1. For the condition within 13 Å of Ile12 (Cβ to Cβ) and either out of contact with any Gly (no Cβ under 8 Å at 6 or more places or on another chain) or modelled with pLDDT under 95 (or both), what is the one hit in Lys132, Lys122?
2. Where the second residue is among the hydroxyl-bearing types (Ser, Thr, Tyr) and the first is assigned to a helix (DSSP H, G or I) and lies in segment 198-224, which pairs have Cβ atoms under 7 Å and are six or more apart or on separate chains?
3. All but one of (1) surrounded by fewer than 22 Cβ atoms within 10 Å (Cβ to Cβ); (2) in contact with a Lys or Arg (Cβ under 9 Å, 6 or more places away or on another chain) hold for Ser158; which doesn't?
4. Checking the structure you have, find out if any residue of segment 197-219 is under 18 Å from the mean Cα position of the chain (by Cα), farther than 23 Å from Ala111 by Cβ and of a type in the set (Val, Ile, Thr).
5. Output the number of residues of segment 246-287 satisfying the condition of being in contact (Cβ under 8 Å) with a residue 12 or more places away in the chain and either among the hydroxyl-bearing types (Ser, Thr, Tyr) or on the phi > 0 side of the Ramachandran plot (or both).
6. Restricted to segment 168-209, and to residues that are of a type in the set (Asp, Glu) and touching a Phe, Trp or Tyr at 6+ places or on another chain (Cβ under 8 Å), which residue is nearest to Met221 (Cα to Cα)?
7. Just one of the numbered conditions (1) buried (at least 18 other Cβ atoms within 10 Å of the Cβ); (2) on the phi < 0 side of the Ramachandran plot is not true of Gly138; which one?
8. Specify the residue that is surrounded by the most Cβ atoms within 10 Å (Cβ to Cβ); the eligible residues are those in segment 273-298 that are over 24 Å from the mean Cα position of the chain (by Cα) and assigned to a loop (DSSP other than H, G, I, E, B).
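The values are calculated or read from the model by the stated rules, or taken from the named source; none is laboratory data. Predicted model, so just to flag it, every value in this text is computed and none were measured. As a convention, Cβ positions derive from the backbone with ideal geometry for all residues, glycine included, and neighbour counts pool all protein chains shown.
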Amino acid sequence: MDWKGRRQSDNIEDERGSSPMGGGPLGGGGFRFPGGGLGGGGLSFRTIIVLVVIFLVLRAMGVDVIGLLQQSGALTGGSTSGSGYQQSDNSGGTAAPANDEMKQFVATVLADTEDTWTGIFKSMGQTYTDPKLVLFSGSFPSACGTASAATGPFYCPSDQKVYLDMAFFQQMKDQFGASGDFAQAYVIAHEVGHHVQDQLGILPKFNQARQTMSEVDANKMSVRIELQADCFAGIWGKFTQQKGILQQGDLEEALNAAQQIGDDTLQKRSQGYVVPDSFNHGTSAQRMKWFKQGFDSGKLSDCDTLNNPV
């Protein structure tokens, strides 16, 4: 994917290195990309007690612990987008600067989705409102609960933001065998696809309807919602292809990613068997089918997974 040197979106909120307290796990109608689970973290109760004891001992010795922490930057808040300074990551090392290449890549893909959907909505006599995309590391609060490495990328309709820990891209490569920049772009385009559904009024109706559904029926409807987001991501891919920036093998990267994160493939990998009634994103074959359908057609009308067999 030839993405360098192209327009980048201003709708990036870079919160990497900032870890304010959030409330509860992902919920409230958030739409998560499957395959999350990069590992948690956090301090154990015993570790907290030890740190408190050390703090009290040092203070009794006259050491200004708070001052030292402030000087080291440990007590400073998260940066704003484009600040350019280095941020601390969860491992105690140094995260990438705010203008690093991966952020530029995400901002470029997001800009492409903005161009694509602004044009499509305009052709329908409607106005597309761009979503914000929040980059975070470790965990970060959203209106749908706490975004974390364990939840994976997701869209929150309550605040109309996409949340992304870019460590997920490494997980895609290492754990799922889904590498390549167009595979990564597919993840972003899928979550933006949920925003498109929100703009079209599809998500609000689904969130209301599933409150009275059984778990099995809600899962079946969720599959249709997710497959439509895949199809919408394919539409974005079609417009990207028309710009002449796709390279040989890009489409195969996206289709491979869709295959690797199908419910059946993920369940076989994790537990050795599948439970179809628990599927909530679609099988590998379904995900590949609907992304390819959007890519081949480029039309919203061909992404009606709600009223057609999936």
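1. Numbers: Lys122 fails: within 13 Å of Ile12 (Cβ to Cβ).
Unique residue meeting the criteria: Lys132.
2. Pairs that qualify, where the first residue is assigned to a helix (DSSP H, G or I) and the partner is among the hydroxyl-bearing types (Ser, Thr, Tyr), are Gln199/Tyr128; Gln199/Thr129; Asn219/Ser278; Arg224/Thr305.
3. Single failed check for Ser158: (2).
4. Within segment 197-219, not a single residue is under 18 Å from the mean Cα position of the chain (by Cα), farther than 23 Å from Ala111 by Cβ and of a type in the set (Val, Ile, Thr).
5. The total comes to 6.
6. Initially, segment 168-209 is screened for residues of a type in the set (Asp, Glu), giving 174, 181, 191, 198.
Checking the rest, the ones that are also touching a Phe, Trp or Tyr at 6+ places or on another chain (Cβ under 8 Å) come to 181, 191, 198.
Details: Asp181: 30, Glu191: 17, Asp198: 15 Å.
Top of the filtered list is Asp198.
7. (2)
8. Out of the qualifying residues, it is Val274.
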